[in-house]
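Notes to accompany the following structure.
The values are calculated or read from the model by the stated rules, or taken from the named source; none is laboratory data. Please read these numbers as outputs of a predicted model, since none were measured by experiment. Counting neighbours? That spans all protein chains shown, and the Cβs are built from the backbone with ideal geometry, glycine included. When the accessible area is computed, the model is the full protein with side chains, heavy atoms only, and any ligands, DNA or RNA have been set aside. Shrake-Rupley method; radii C 1.70, N 1.55, O 1.52, S 1.80 Å.
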Amino acid sequence: MKEISNKFSLLVKDPALRLKTLITFGIILVFRIFAYLPVPAIDLSKLRALFAQSQFLSLLDIFSGGTLINFSVMALGLTPYINASIIMQLVTMVIPQLEALTKEGEYGRFKINQYTRFLTIPLTLIQAVGIYVLLRNQNIIDTLGPIEFFSFVLTLLAGTFILVWFGELISEFGIGNGISILIFAGIVGRIPIILGRTITTFNPEVALNIIIFMAISVLVIASVVFINEAVRRIPVYYARRIKGNRMYQAANNYLPLKLNQAGVIPIIFAVSFVLFPQIIGNFLQYAPNDFLAGTGRFLAESFQPSGFLYNFIYFVLVVAFTFFYTVIVFNPQKISEDIQKNGGFVPGIRPGSATKKYLQNVVYKITTFGALFLGSIAILPAIVSGFTGLDNLVIGGTGILIVVSVVLETFKTIDAQLVMKNYDRFTMS
């Protein structure tokens, strides 16, 4: 507790970190104001009644940070941008020209981000049209004329890009990953409403189920913290060597390999991806064509957050994205080359290709355990919800996973910046 207090004191005293913190909180405040700025022509009372009946829409609202139930200008949230990011990263591994761009440093990242934004436009338009069709068929919005419809779609498109811009501002000038911070802020902003709804609908007969819900929440939090903090240490020995006019003494060190290299990204991507089929289903089930309508009803019914197919695909996606991001983040070839260049070696392993193969095997083993564990924790609330009958468990479990992971990553970012500041003072003195 004393250590946390000291770090908070350093954070407040340091002008640069204080400015970053104020920028982050300022952007979050503006985002929360936008969350209550509704789009015209929407009957909010009917919309909230629809959300109360649909577990899927409630989960989508939590993930959008409450912007959907208020149908604000940011109603679509960051889902289109996240889906575009997933597609771009998959395409980058297939198209050599895009893969070459990722190796060109700042310019390459800029171009990839630019292509991601371009791809976000059609995805946002498709989602905006789908939401309009759903609301029109539920009599929540009247049939709009061409100009009004264009204005409706353009407003949602602008809201999504403003939100993406906010995220980029936080990443560049604030603290932590901007997209993750905004999703975290949206979920936390919905917690008082969920608690209030739970209290007002409290039934003494389900008191035991609520206790189970609290116990599961604590278990999920502890498990996510454990997985995020778990590290496999690979010992690395450095022999005594002479470089230029300097002689370096022999040293022992270790290479820390995290059990979950990807952090919160697999969960955010998996939720965003697994929500997409039901969005398409809600759009298609009102189509005049019988086949399309039947396909839409199948998707809408099969991908309920408490359903087997939804949770099975959710589990598979969490595992797959954990491996996918680990492959992107961790480069055993480069690490083995760096160890060899600095005269280091892993005990019992030859330098070079043998070290690379060894690191790959270790990473795949620990990532397999971490991915399966994270996937199990992700669907655990839905499993328990089936036994207890509490629908909020499914929604709350996903929110807890994201919130805990983002908090851990943000604190690590702050800690790294504080250490860097102290190191700069030490080198300057």
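Can you order the peptides 77-84, 356-363 by their average number of other Cβ atoms within 10 Å per residue, highest first?
Numbers: 77-84: 24.1, 356-363: 17.0.
Listed from highest to lowest mean packing, they are 77-84, 356-363.
Stretch Asn139-Tyr238 to full length: gain in nm at 0.36 nm per residue minus the Cα-Cα span?
Working: separation 99, 0.36 × 99 = 35.64 nm, distance 7.08 nm.
Stretched fully, the Asn139-Tyr238 segment lengthens by 28.6 nm.
Once the piece of chain linking Thr102 and Ile383 is laid out straight, how much longer is it, given 0.36 nm per residue of separation minus the C-alpha distance between them? Write out the running numbers ahead of the final one.
Values: separation 281, 0.36 × 281 = 101.16 nm, distance 3.99 nm.
Taking Thr102 through Ile383 to full extension adds about 97.2 nm, to one decimal.
Among Lys334/Lys365; Lys111/Lys365; Lys20/Lys357; Lys13/Lys111; Lys20/Lys46, which pairs are too far apart, with a Cα-Cα distance over 30 Å? Don't skip to the end; give the middle numbers.
Working: Lys334/Lys365 19 Å; Lys111/Lys365 34 Å; Lys20/Lys357 41 Å; Lys13/Lys111 37 Å; Lys20/Lys46 41 Å.
Pairs exceeding 30 Å: Lys111/Lys365; Lys20/Lys357; Lys13/Lys111; Lys20/Lys46.
Percent relative contact order of segment 14-201, based on C-alpha pairs within less than 8 angstrom and at least six residues apart?
Relative contact order here is 31 percent.
Using a 1.4 angstrom probe with every protein chain in place, what is the largest-first accessible-area order of Glu172, Glu337? Show your work: numbers first, answer last.
Numbers: Glu172 130, Glu337 75 Å².
My answer, sorted largest first, is Glu172, Glu337.
How do 291-297, 269-275 rank on mean C-beta neighbours within 10 Å, highest first?
Working: 291-297: 14.4, 269-275: 22.4.
Packing order, densest peptide first, comes out as 269-275, 291-297.
Apply 1/(1 + (r/R0)^6) to the Cβ-Cβ distance of Asn252 and Thr413, taking R0 = 25 Å, and write down the FRET efficiency to the nearest 0.05.
0.30
At a threshold of 8 angstrom on Cα-Cα distance, excluding pairs fewer than six apart, so keeping six or more, what relative contact order does segment 121-197 reach in percent?
Numbers: 30 pairs, mean separation 16.4, N = 77.
Rounded, it is 21 percent for segment 121-197.
What ranking of Leu90, Leu408, Leu156 comes out by heavy-atom accessible area, probe 1.4 Å, highest first?
Numbers: Leu90 80, Leu408 35, Leu156 0 Å².
Accessible-area ranking of Leu90, Leu408, Leu156, largest first: Leu90, Leu408, Leu156.
If DNA, RNA and ligands are ignored and the probe is 1.4 Å, what is the ranking of Arg190, Arg18, Arg233 by accessible area, most exposed first?
Values: Arg190 10, Arg18 100, Arg233 150 Å².
Descending accessible area places them as Arg233, Arg18, Arg190.
Once you sort the root eigenvalues of the Cα gyration tensor of segment 14-201 as a ≥ b ≥ c, which label holds: rounded (a/c under 1.5), prolate (a/b larger than b/c) or oblate (the other case)?
Numbers: a/c = 2.09, a/b = 1.32, b/c = 1.58.
Oblate.
Using packing as a proxy for protection, rank 314-320, 282-288 so that the peptide with the highest average count of other Cβ atoms within 10 Å comes first.
Values: 314-320: 20.4, 282-288: 17.4.
Highest mean packing first, the order is 314-320, 282-288.
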